[in-house]
Each structure stands twice: as structure tokens, then as C-alpha cells.
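A.B. asks: Attaching a single structure in C-alpha cells format; questions to follow.
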Amino acid sequence: MAKPIFVLSGPNLNLLGTREPEIYGKTTLKDIHDSLTRQAAKSQVDLVCFQSNMEGDLVNWIQQAGQEGQAIIINAGAYTHTSIAIADAIRSIDIPVIEVHLSNIYQREEYRHHSYISPLAKGLICGFGAKSYELALQVLLFEAQNG
Ligand code: CA2
């Protein structure tokens, strides 16, 4: 079996589907994880899905993914705009990272326009709600099959 793809989500994303549906949609994070897991299974790829409100957890999982995973899909939530620690962890690994956001961060407040992750990521997908995660997975599955 190929190495798993890590799907990492940051602070407050555990609240998805329960509040602010006009911005973040009605889908829960569990729904997203379940749907991604089904999609990946069709390509015989395992997913490891984690969410935490703690910056250090995300740093630890990025390091773990660097050792044990083939790629990372990350929505670092608000840490996207603030975390040098997460950026340093991404800089320390050699696997592709795709940054995702549910909302289009460039249509929102100015303080969301800067990402410490984007310059280090293979690509960025934002603005498609839960589909941002699915599109990222599709790219990775396509690349795993087609090189
Ligand atoms: O659009 C995204 O995916 C964000 O990463 C979401 C973060 C925000 O800080 C980023 O700028 C953009 C916030 C996640 C908060 O999630 C909630 C979900 C439901 C209810 C309240 C917050």
C-alpha cells in the first residue's frame, strides 16, 4: 500500500456545519473526511485525517507526515495568516503540500490575504467550500496515478 495522504485542519474547523453556514457551508468536517476517505479508497490510497485547535499539534502532524506520508492537504485555519512555526515545519519536509480554504480568503478581510503557507505549497485551492478539499485530493490522486 502506498503511503497515506495526511488531511490536516486547524483551529475552529471542528465547528464546521454548526455555525456561520453562510461563510463555511453546512457540511461538517466529519462529512468532509468521510467523503475524502471514500474517494481515496477508490484509488487504494489511505487518508489520515486530523483536526486540532492547537498549533503544536499541527506542527507535530506535519513532521509525522514528512516521515510517513506521501502528501499533505492542509487548511490551517487562522494559523495560515500567523504561524511561522507551521511554515517552518512545512519547510522541513520533502513531500508536496496543498493549501486549501473553504472561503476565498482574497475576498475577505485584508488580514486574511497573507498566507505563510502559500509560498511553500505546491498549490492553493480556496473558495469552493468543502469541494476545496476534494479538488486537492483529486489533484494528488491524479498525480499519484499519472506521475
Ligand atoms: O476559509 C477557510 O477555510 C479558513 O481557513 C477558515 C478559517 C479562517 O480563519 C481562514 O481565514 C480561512 C476559520 C475557520 C473557522 O471555522 C468555523 C467554522 C464554523 C463556525 C465558525 C468557525
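A.B. asks: Could you check which residue among D46, D57, D94 shows the biggest mean-square fluctuation in a GNM of the chain with a 10 Å Cα cutoff?
C.D. replies: D94
A.B. asks: Whole number in Å², please: accessible area per residue of the chain, 1.4 Å probe, ligands, DNA and RNA not counted. Please list the in-between numbers first.
C.D. replies: Numbers: 7670 Å² over 147 residues.
Per-residue accessible area for the chain comes out at 52 Å².
A.B. asks: Tell me the relative contact order for the chain as a rounded percent, counting alpha carbon contacts under 8 Å between residues six or more apart.
C.D. replies: Values: 261 pairs, mean separation 38.0, N = 147.
Value for the chain: 26 percent.
A.B. asks: Still on this structure, I have one more. Leaving out ligands, DNA and RNA, what percent of the accessible area of the range 5-146 is carbon and sulfur, probe 1.4 Å? Spell out each step's value before the answer.
C.D. replies: Values: 3570 of 7230 Å².
Within the range 5-146, the accessible surface is 49 percent carbon and sulfur.
A.B. asks: A follow-up question, please. What does the extension gain come out to for T18 and R108, with contour length at 0.36 nm per residue minus their alpha carbon separation? Working shown, then result.
C.D. replies: On the way: separation 90, 0.36 × 90 = 32.40 nm, distance 2.06 nm.
Here the segment from T18 to R108 would lengthen by 30.3 nm.
A.B. asks: Net charge around R108, counting only other residues with Cβ within less than 13 Å of its Cβ (Lys, Arg = +1; Asp, Glu = -1)?
C.D. replies: Values: positive: R112; negative: E20, E22, E109, E110.
Once all neighbours under 13 Å are counted, the net charge is -3.
A.B. asks: Once the other residues with Cβ under 13 Å from the Cβ of D31 are scored (Lys, Arg +1; Asp, Glu -1), what is the net sum? Walk me through the numbers on the way to the answer.
C.D. replies: On the way: positive: K26, K30, R38, K131; negative: D34, E134.
That works out to +2.
A.B. asks: Can I ask one more? Grab the range 5-146 and count how many Lys pairs have their alpha-carbon atoms under 19 Å apart, sequence gap of 8 or more, or different chains. If you can, show how the numbers build up before the last one.
C.D. replies: Working: K26/K131; K30/K42; K30/K131; K42/K131; K122/K131.
The number of close lysine pairs in the range 5-146 is 5.
A.B. asks: Please turn the phi angles of the range 85-90 into ³J(HN,Hα) values with the Karplus equation 6.51 cos²θ - 1.76 cosθ + 1.60 (θ = phi - 60°), one per residue in order, whole Hz, x for glycine and proline.
C.D. replies: 4, 5, 4, 4, 5, 5
The values are calculated or read from the model by the stated rules, or taken from the named source; none is laboratory data. All of these numbers come straight from a predicted model, not from anything done at the bench. Backbone-built Cβ (ideal geometry, glycine too); neighbour counts: all protein chains shown. Heavy atoms of the whole protein, side chains included, go into the accessibility calculation; ligands, DNA and RNA do not. Shrake-Rupley method; radii C 1.70, N 1.55, O 1.52, S 1.80 Å.
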